[in-house]
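Here the structure is laid out as structure tokens; the discussion comes afterwards.
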Amino acid sequence: MPISPRPTRVEACSNIALIKYWGKSSLRRNFPAVGSLSLTLREFVTTTTLEASDEDQFLLDGTPMAPEEAERVLELLHRIPNRSRVLFSTQNHFPTAAGLASSASGGAACVLAIWAGFSLPWNYSRIVELCLRFSGSAPRSLLGGFVLLRPDPSRRKVSLEPVPSPLLEALRVVVVQCSEGRKEVSSRLAMEQSRKTSPFYPAWVSTHKLDLAQAVRALRKGDWELLIECMEHNTLKMHAVAMTSRPSVLFWNPITLAVMRLVQEKRRQGWLGGFTMDAGPHVKIFTDRENAPLWQGLFRELPGVRGVFVSAPGSSPRVEVEGKVIPWEPVKL
Ligand code: PMV
């Protein structure tokens, strides 16, 4: 008799890196060359459901997934011998693959849905590893708040650590959508191109630990100024590495630049906020709940901006099996 999954539903929040990972030390294991520090976002949620079905179906926002997306789910399902066919459906409650890190929440939700639905004996570090294979940012969506991901190449593992901060509760992220549609180049390809060809890649790797340490210190102390300085520096360094790859990878468009300029200008006038951008043109502004409406109002008026969203910090995923919430406690082993 094939093994059927119990009906399972997982909600996982996406995350945005304040200090980025860019580049892998192992392509096969998708192992990051540097650590990263992120914030989990409450309003950017992926919901994934899994149930038995007559045929395998993989849906993203109600339509069949692209083959390479379905392949990542199948890679996990191949680990289950003699399984029934499944209906695997994922819904992103935000624009997909436009640099808003849907691969992070999508990856975490996928691994947890398969683990819970099939009651697999995966422990915490196995779940982290499988999320990492899905995408470098996915393990960070397993925890809430600020999350530090550190690679340990000698053990071929990454560790995850929540970073407590007095800034967390009041923090808000304003996401300024600077284009429509999916991104032109995947971060997976772009970062490999950077590793192989950018003359600045070695400097990116060798200076990265310092950025992480400074940002963690800023969070622990509640030092906005230091946090913004490190975050913007690290973001611009990552984009400089991408831009100086051959061929060049330029994620920004004129709206991206206009938003960055406005953030700097308003900051000089006393507004609280700093920017970061991932592998796409959108700008995310870290600010607090008092300043968030100011940024929101400003960018809604800026010509060319497609949307402005605000998110509070999010928590770890919610896993429901047969309608009952099951504890998803990331217990360190
Ligand atoms: O999660 P991936 O492998 O698609 O890469 C994400 C890379 C960045 O978003 C640019 C940086 C990060 O640390 O999230």
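Can you send over the carbon and sulfur percentage of the accessible area for the chain, probe radius 1.4 Å, protein chains only?
Percent of accessible area from carbon and sulfur atoms in the chain: 53.
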Taking a 28 Å limit on the Cα-Cα distance, which of the listed pairs K196/K221; K20/K324; K157/K237; K24/K284; K221/K266 fall beyond it?
K196/K221; K20/K324
Between segment 110-137 and segment 225-252, what's the alpha-carbon centroid distance in Å?
30 Å
Please get the size of the charge dipole for segment 230-333, origin at its Cα centre, with Cβ charges of +1 on Lys and Arg and -1 on Asp and Glu, quoted in debye to the nearest 20.
280 debye
Quick check: net charge around L74, other residues with Cβ under 14 Å of its Cβ, Lys/Arg +1 and Asp/Glu -1?
-1
Please name which of L50, G35, V10 has its Cα lying farthest along the dipole of segment 7-58 towards the positive end, using unit charges on Cβ (Lys, Arg +1; Asp, Glu -1) and the Cα centre as origin.
G35
Would you be so kind as to identify which of A170, I127, G145 lies farthest towards the positive end of the dipole of segment 109-173, taking Lys and Arg as +1 and Asp and Glu as -1 on Cβ and the Cα centre as origin?
I127
At R0 = 45 Å, how high is the FRET efficiency between A240 and I3 if r is their beta carbon distance? Nearest 0.05 is fine.
0.35
Taking the Cα centroid of segment 297-316 and of segment 254-271, what is the distance between the two, rounded to the nearest whole Å?
14 Å
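Per the helix-only calculation at 222 nm, which mean residue ellipticity applies to the chain, given -39500 (n - 2.57) for every DSSP H run of n ≥ 4 and division by its residues, nearest 500 deg cm²/dmol? If you can, show how the numbers build up before the last one.
Numbers: 8 runs with 114 residues, N = 333.
That calculation yields -11000 deg cm²/dmol at 222 nm.
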Proximal charge balance of H93 [Cβ under 15 Å; K/R count +1, D/E count -1]
0
Using the Cβ atoms and a cut-off under 14 Å, what net charge is assigned to the surroundings of E290, where Lys and Arg are +1 and Asp and Glu are -1?
+1
Hey, can you grab everything whose amide H is under 5 Å from the amide H of V175? Only 5+ residues off in sequence or another chain; H modelled, so Pro and N-termini drop out.
I285, F309, V310, S311
The size of the Cβ-based charge dipole (Lys, Arg +1; Asp, Glu -1) of the chain about the Cα centre, to the nearest 20 debye, is 980 debye
Using the heavy atoms of the protein chains and a 1.4 angstrom probe, tell me the accessible area per residue for the chain in square angstrom.
44 Å²
Considering the chain as a Gaussian network with a 10 Å cut-off on Cα pairs, which listed residue, D278, D61, D211, attains the greatest mean-square fluctuation?
D61
Can you figure out the FRET efficiency of E169 with R306, using R₀ = 45 Å and their beta-carbon distance, to the nearest 0.05?
0.95
What residue among C131, C13, C178 shows peak mean-square fluctuation when the chain is described by a Gaussian network model with Cα springs under 10 Å?
C178
Using only the alpha carbons of the chain, determine the length spanned along each of the three principal axes and report them from longest to shortest in whole angstroms.
67, 41, 38
Please give the charge dipole size of segment 1-130, origin at the Cα centre, charges +1 on K and R Cβ atoms and -1 on D and E Cβ atoms. Round to the nearest 20 debye.
540 debye
Extension reserve of the R220-D61 stretch, reckoned as 0.36 nm per residue once the Cα distance is removed:
53.4 nm
Go through segment 259-333 and name the trypsin sites (Lys or Arg not before Pro) that are in a DSSP coil and have 16 or fewer other Cβ atoms within 10 Å of their Cβ.
R289, R306, K332
For the chain, set up a Gaussian network in which alpha carbons nearer than 10 Å are linked by springs, and say which option among T276, T197, T90 fluctuates the most.
T197
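The values are calculated or read from the model by the stated rules, or taken from the named source; none is laboratory data. From a predicted model like this one, the values you see are computed outputs, not experimental measurements. Neighbour counts run over all protein chains shown; Cβ positions are idealised from the backbone, glycine included. In case anyone asks, the SASA skips ligands and DNA or RNA and just uses the protein heavy atoms, side chains included. Shrake-Rupley method; radii C 1.70, N 1.55, O 1.52, S 1.80 Å.
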